Every structure is written in C-alpha cells, then in structure tokens.
C-alpha cells in the first residue's frame, strides 16, 4: 500500500495535477479514457490536489484498476459491487489513503462486474447529493465503451476525457488530459477519436488488423503512450516540438493552456524585482529607509558626544562631576536615538538583514488559482526543486495570482546555479524562469529540529499553505512561507496563516535550503 502524497511516477498523474482546478466548482465527475488505467492515474492526480481542501473519493467502476488497487489493503474484502448490490455499508468500502483522511478510494469489489447495472444504478444520485452537501468531490473512473455511460454522465457535473476519446454532443467536458506526442508516422486517413456515445452494433465498422481497443466503438487504434518517467519532469516535447504541437492545437485548447499557467506575469520581470523598492504612499517604509535612519542617528549621536566632550575640556572652572555628567548624557542620547530608530524599524515588521540572509530565488511559473498553485507546488517538489513555495499577489481585476518560487540563495550566483538546473531539465516554463531578489518571507516557526521539520512542512502543505524549512547557523530549522520584495506584498499570505491560527511575522529570510 503506497501513499498518494509520494513521488509522482506517471505523466498521466501529472496531467491530472495540471487539470485539477477545472473541477473546483464540481461535486461529481466521470473520468474516462481509451485505457482505463491511465484514466485512473489522471483521477488520482486530480484527487491529490483537490484533497488539500475538501473530501475527495475516487470510485473504480471498471474493475481492479492497478493505480487504485495499489492504494488499498491487499485483503480488502468489499467494494462498490458489494455495496450497490449486496447491501454492504459504504463505510466498509471506503479506504482513506492520506494522513488528513480527505482522500478515499472506493475499489470495485467482486468481479466480473455488470457495468451496465452498476453505472445505471440510482444510488449514484444519492451518493452525489451527499458529496455535494459536504462540499466534497466524487470522481468515478468508468469504462468508455459502456452503453450506460451516458446516463451516469448526465447525473454528474461533467466528464474528464483522458487520451484519444471524445464526448457525445451536448456533454459538459470539464477537462481533456492528453500527452503531447511527436508523431512517428502519419495518422491513417479518416481515423477519428474514440467516441463515448454508444454506437449500434450494426453500424460498427470492421476491426483493424490488430485487435480493436473497444468492441462497441469506432476503430481508431491509438499508438502506445510513452512509458512513465523515472524522473519527475513535466511531460512536454522538446527540440522544436513545442512549436509543432502548438500549431496543431485547437484554438480552444490553446486558450485553455495559455490561460491556465502564464509563464511570467508583467510584475515578475527581473528588472522590476531587482529595482530599488519604493514604498507606496502611506505604507510602511522599506528596510533601506530604516537603515538610513539608524545610521544617521548613530552619526548624530557620535558628533554630539565629540562636541560636548571638546567643549567641556576647554571650559575652565567646571568640575569633573559636570564633565562626567555631560558625557553620560551624550552617551544616553546616542543610545536613545539608536534604540528609537531600531524600535521604529521593528514596529514596521522588518528585521535587520543578517549575514546569512538568503534573498535570492528562482521564479518557476505563475498560475491564476490556489488549486493550480498547490499543484505546481507538488510537481516542482517532486522535480527536486529546493525550498519550493509561492507568493500570492493581487491582479488588476482584484483576484489573486500565485508566483511559484524555488531556492533560497545568499547570492545571485547560487540562484543562477539553480536556474541552470531548471533549464537543463527542460521544465515546461524553463525558458521563462529567472533569478529574483526577494529578501522578505513570512516566518511561521523558529527553533524546529531538522528531524521534525519535514513533518511540520507536510502538515502545512497538506492544508494548502506553502511552507518550507531553512537550516539556521545553530543547526535548527526555521519555517518560512513565500518570498517577497517588500513587506506589503506579504500581506495576502499573512492573512491565510492567521486564518489557520498561526501568528506569522514578516522578516528577513535567513538560512539555507535542506
């Protein structure tokens, strides 16, 4: 039995991650594909992201699908068939597979399965009503060739297509997961996507030379998909294939891909990040402003001390008591000025940069929803990126977008090394990635042992909060979230942590990545 929060070993599961936000407003969806196992992997990818914020169940109506069976105990006695037809309680067939108990697997149960009877059961309506009332999500992995499929889809909020399948006219398609493939040979003329609409047996064309994938649908025989990658890079063609794939994309698909993940937002250009920070009118001053005040106060106090001492040493008839008192007052004035300036800087939420500050990061992507941001967070972590987090910012229309960041380097050279790794691995947004200087971060907790840091981080990330640990000079870990150029930019993330019951502060980010 594995864990759904382990490494992503399948490109189809990564596709599920990418499309997860399309189901944010849904309570139930049917997942179908030309190969049921790949449909199950996409369903798991969607469920892993959605389970961060609500209860999600994945139901196997195909029968003993490997990606789902691997998550439940090998000796699990019951499944959907037992519940729908033999009266076994749903509680006995629901297997929670994540620490937060938000992700549930409904295995198929006894086989062989009467798919028509199972898919057309009126119990789906009651089950969906329960998930809708609880603001949960029910994902049903179903066989694409079943004649009862259309009735099930009509009950649900829509369908997610996987691979070379097409929905019947009028079906609400929530997402279409497919891998970009460089064709090795011309596609046979007249071949069409497999349709999930049932076709009368008399209208079925003769089968192709090799055994057809489905017996009740048209005979397009798709090529074998590429094997699952051991590396966890996101599936994209390279060496010019991006342009070729984009040229053949349908306009709607191209708009979906462009709208889902903008490579670099206008404000995230390197020159904007590295430009001097100018605080908006009426807001807290930046670190450089307060440093100038502190330095000026120290210099003024030193001059006052020198002038007072010089004047007293020249004066005659003044006893040593008055001279000592003058020196004491001068030093007190200097100390008071320094303390007041430091207090003002502290009240603004900024700490003086330490020698081990780590202000440099790499921008990886920009997404337009919290679900998409959490999905990217998972993917980039699985890709091996250190200190992965995101920084929310307010768009012109008042909504929030999320910049995905990685790394915490003390100098630009260290961040540039990480940037070269990103480009060498040819991630989807590698060409748009760049180094930025973001000195501030939201500090969540200090003094955490390195052994416990991963446990704390996992607990926060499972709630959709982008926490990451940095090792400090004393060997302990500090938990941070986000990275920002100014204190004001951290306020949306501060609000999220306060709502979680934390007491976050904005501070200079220090330490090094694990």
Item to check | Approximate spin-label separation residue 459-residue 91, in nm, with each point projected 7 Å along Cα-to-Cβ | outcome: 2.8
Checklist entry - For segment 11-179, what D do you get in µm² per second when you plug the Kirkwood radius from alpha-carbon pairs into Stokes-Einstein at 37 °C and 0.692 mPa s? => result 212
Checklist outcome for this item: Exposure-ranked with fewest Cβ neighbours within 10 Å first, 375, 37 stand as 37, 375
Checklist entry - Once the mean 1/r over all distinct Cα pairs of segment 1-93 is inverted, what Kirkwood radius in angstroms do you read off? => result 14.1
Item to check | Pairwise centroid distance, computed over Cα atoms, of segment 382-426 with segment 489-514, Å | outcome: 17
Checklist outcome for this item: At the level of C-alpha centres, the distance separating segment 115-151 and segment 38-104, in angstrom, is 13
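With 24 Å as the cut-off, how large is the P(r) tail for segment 360-513, expressed as percent of Cα-Cα pairs?
Values: 3069 of 11781 pairs.
For segment 360-513, the share of Cα pairs beyond 24 Å comes to 26 percent.
By how many nm would the segment from residue 114 to residue 168 lengthen if fully extended, with 0.36 nm per residue of separation less the alpha-carbon distance?
Values: separation 54, 0.36 × 54 = 19.44 nm, distance 2.25 nm.
Here the segment from residue 114 to residue 168 would lengthen by 17.2 nm.
Rule-based calculations on the coordinates, nothing more; no lab input. These numbers come from a predicted model, not from an experiment. Don't worry about glycine lacking a Cβ; one is built from the backbone with ideal geometry, like all the others, and counts go over all protein chains shown.
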